[in-house]
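Every number in this text was worked out from the coordinates using simple rules, so none of it is lab data. What you see is a predicted model, and the numbers here were worked out from it, not measured in a lab. Virtual Cβ from ideal backbone geometry, glycine too; neighbours counted across all protein chains shown.
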Amino acid sequence: MGAKQSTVTGNTHAGQTGIHSFEGEDWTLCKTAGDLLTMESWTLLDGDLIASLSDSSEFTIIPSAEELTSWIGKLRRARHYCVYREAPDHIKNSRDAVYAGVCGDANVLEFAPQAYRHDRDIVMAAVKRECQIFSDIAMEFRADRDVALLAVRGNGKLLQHAAKSLHTDRELLHAAVKTDSSALLLCPPECWDVDLVLAAIPKKQASSAFRSFMNNESIKQVLGQRHFVMAALEKDPFILQFVSKDLKGDREIVLRAVQLQWKALQHASCELQSDNEIVAAALAQNPKALQFAAEDIKSSRAVVLEVVKKDPEALKFAAKTLQADDVISATAYATYTAHKVQAKRNL
């Protein structure tokens, strides 16, 4: 089925063109294809869907359903905007074709008719295909929360291109810091909460991103606030490793951290690793916590004897002199034997 021309009158932006007349008597109406992406680009004539429309030209070439559907499939599969640019004008002026094009390569948006660069569905499809295009789209969409959310889920740094009003949006921030910790720094510290900061801390501690994040003055400041750290411990006791030196020596903070997670003892100050109550709280959870206790605790015969009664393997963390102690080593062996017998009974 060949394409024909119609004279266009009235508004010529997408979806509002009027059909004044047709040239030629062999005009054939196009039937709707089953897999069209949208219906808004088609024009109704006597109940039949027949056309997609141009942006500003005086004449519109109306593609057949077969032709348009063929191009839609080609554009959706294309991974470079050159396929769209090589398409005939009447295809490039079709909303369905533009939509398909940005699904293949988001850069098609740059070459689409102006009206479609302000089409929310098309812009969202482009951002979904390639989040980086967010920095170049119209400001109206960079202030659109849903469009911005799509972008930052792909790259948190793109939050910097969003409207300022969105920089304090909690959901947007949480989505952004999951892909880029530095997105947190785009939001004023007074808007930070515990969940947001914990989510932003880079997981790979050996990375440059982690070092850069933790050396930021705003991050140091918030991790030096006692009320913030106390709240953060309830979410993650290991936050103790990142807090200020002063707070690692805060007895109440360290005790709470160790009560929640015995391994947090390793991040306490040297002084508090000698605190009997704090160490006892850790050992009550796991005798292997002895490895994080101070030397005076590891050298305490009474402490080590109680520890090996629960876990003989913890003996290796005791002071060398106690590892050679006949009573302690015998107790450790007896505990080991008892555990072995119990394990056989449980089989």
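Tell me the relative contact order for region 154-290 as a rounded percent, counting alpha carbon contacts under 8 Å between residues six or more apart. Each step should come with its number before you reach the end.
Numbers: 165 pairs, mean separation 18.5, N = 137.
So the answer I get is 14 percent.
Using a/c under 1.5 as the rounded threshold, could you call region 75-224 rounded, prolate or oblate? The axes a ≥ b ≥ c are square roots of the C-alpha gyration tensor eigenvalues, and prolate needs a/b larger than b/c, oblate otherwise. Walk me through the numbers before you get to the answer.
On the way: a/c = 3.76, a/b = 2.42, b/c = 1.56.
Prolate, because a/c is 1.5 or more and a/b exceeds b/c.
Less than 28 Å apart at the alpha-carbon level, and either on another chain or at least 8 residues along: which lysines does that give for Lys309?
Leaving aside lysines fewer than 8 places away in the same chain, those within reach of Lys309 are Lys263, Lys288, Lys298, Lys320, Lys340, Lys344.
Short version: ³J(HN,Hα) in whole Hz for each residue of region 186-194, in order, from phi by Karplus 6.51 cos²θ - 1.76 cosθ + 1.60 (θ = phi - 60°), x for Gly and Pro, what are they?
Result, rounded to whole Hz: 7, 9, x, x, 5, 9, 6, 10, 4.
Around Val279, with a cut-off of 11 angstrom between Cβ atoms, what is the net charge of the other residues, counting Lys and Arg +1 and Asp and Glu -1? Don't skip to the end; give the middle numbers.
On the way: positive: Lys298; negative: Asp275, Glu277, Asp296.
Around Val279, the surrounding residues sum to -2.
With Cβ to Cβ distances under 11 Å as the rule, what net charge do the other residues near Cys191 carry (K, R +1; D, E -1)?
Details: positive: Arg170; negative: Asp169, Glu190, Asp193.
Neighbourhood net charge equals -2.
Suppose R0 equals 56 Å; then what is the FRET efficiency for Gln259 and Arg120 from their Cβ-Cβ distance, rounded to the nearest 0.05? The partial results should precede the final answer.
Details: r = 51 Å, r/R0 = 0.92.
Plugging the Cβ-Cβ distance into 1/(1 + (r/R0)^6) gives 0.65.
Quickly work out the His161-to-Leu198 label distance, labels modelled 7 Å from Cα along the C-beta direction, and quote it in nm with one decimal.
Using points 7 Å along Cα→Cβ, the separation is 3.2 nm.
With each pseudo-label sitting 7 Å past Cα toward Cβ, what's the Thr179-Asp146 distance in nm, one decimal?
Between Thr179 and Asp146, the label points sit 1.8 nm apart.
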